[in-house]
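A short worksheet on the structure shown next.
The values are calculated or read from the model by the stated rules, or taken from the named source; none is laboratory data. What you are looking at is a predicted structure, and each value in this text was computed from that prediction instead of being measured. Positions of Cβ are generated from backbone atoms using ideal geometry, with glycine treated the same way; all protein chains shown enter the neighbour counts.
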Amino acid sequence: MPTLLIVHHTPSPNCQAMFEAVVSGAAAPEIEGVRVVRRAALSATAADVLDADGYLLGTPANLGYMSGALKHFFDQVYYPCLDTTKGRPFGYYVHGGNDVTGALRGIESVTTGLGWRRAAEAVTVTGEPDKAALERCWELGATIAAGLAD
Ligand SMILES: Cc1cc2nc3c(=O)[nH]c(=O)nc-3n(C[C@H](O)[C@H](O)[C@H](O)COP(=O)(O)O)c2cc1C
């Protein structure tokens, strides 16, 4: 069964709301036959990445970059996963206060290095996520999961 790995850093209620919406989309009952695995970024391992077929990443923007936790995840898994995971699909979401540009650039840069294939538009939200923002998160989760189910 294909596996979707969700790696997230979730330090606040606004980030938690986005995470839950993404998980809900990924685990939608109409998408059958995909195993969804969630890992906090500080506990995700290279084995988790190698065992999965696609990825969802979630982070706040911190100090003009992705969170240190997600950066730590990439630092750990980059070389162990470089050969094996090329071409795999991924998507991501970023929550920020006012400017998520550096976080987006960082994630695009690392995933380009890994050779991962972005399979959905990134979802970015500043401030409290409204209904439309949470729907975009749900769609993100559902899109990546449905792609693995095909
Ligand atoms: C140390 C620190 C640095 C931050 N840097 C940024 C930043 O560069 N860009 C941004 O948009 N938000 C920044 N933020 C805001 C966080 O992204 C925000 O607190 C996080 O997404 C959680 O959102 P919430 O506090 O509204 O729940 C920063 C927050 C902290 C604590």
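Could you grab me the full set of residues in segment 39-48 that are in a strand (DSSP E or B) and either of a type outside the set (Lys, Arg) or buried (at least 20 other Cβ atoms within 10 Å of the Cβ) (or both)?
Within segment 39-48, the subset in a strand (DSSP E or B) is 39-40.
Matches in segment 39-48: ALA40 only.
Take SER67 and tell me if it is in contact with a Pro (Cβ under 8 Å, 6 or more places away or on another chain), surrounded by 16 or more Cβ atoms within 10 Å (Cβ to Cβ), small (Gly, Ala, Ser) and farther than 19 Å from ARG118 by Cα. Please lay out each step first, then the result.
On the way: in contact with a Pro (Cβ under 8 Å, 6 or more places away or on another chain): yes; surrounded by 16 or more Cβ atoms within 10 Å (Cβ to Cβ): yes; small (Gly, Ala, Ser): yes; farther than 19 Å from ARG118 by Cα: yes.
Yes.
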Residue that is farthest from ILE144 (Cα to Cα), among those in segment 1-33 that are surrounded by fewer than 21 Cβ atoms within 10 Å (Cβ to Cβ) and among the small types (Gly, Ala, Ser):
SER12
Do we find that ASP51 is more than 22 Å from TRP138 (Cβ to Cβ), more than 13 Å from the chain's Cα centre (by Cα) and at pLDDT below 95 in this structure?
no
Turns out the helices (runs of 4 or more DSSP H) fully within segment 58-150 with at least 1 residues that are closer than 18 Å to GLU20 by Cα and within 16 Å of the ligand (Cβ to nearest atom) are 68-81, 131-149
For the subset of segment 89-107 comprising residues that are in contact with a Lys or Arg (Cβ under 7 Å, 6 or more places away or on another chain) and buried (at least 20 other Cβ atoms within 10 Å of the Cβ), which member is nearest to ALA122 (Cα to Cα)?
GLY91
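Residue by residue through segment 6-29, note down the ones that are of a type outside the set (Gly, Ala, Ser) and in contact with a strand residue (DSSP E or B) (Cβ under 9 Å, 6 or more places away or on another chain).
Going residue by residue through segment 6-29, those that are of a type outside the set (Gly, Ala, Ser) are 6-11, 13-16, 18-20, 22-23, 29.
Correct list: ILE6, VAL7, HIS8, HIS9, THR10, PRO11, ASN14, CYS15, MET18, PHE19, VAL22, VAL23.
Among what's in segment 8-41 and is away from the ligand (no atom under 16 Å from the Cβ) and of a type in the set (A, V, I, L, M), pick the residue that is nearest to PHE74 (Cα to Cα).
In this case the residue turns out to be VAL37.
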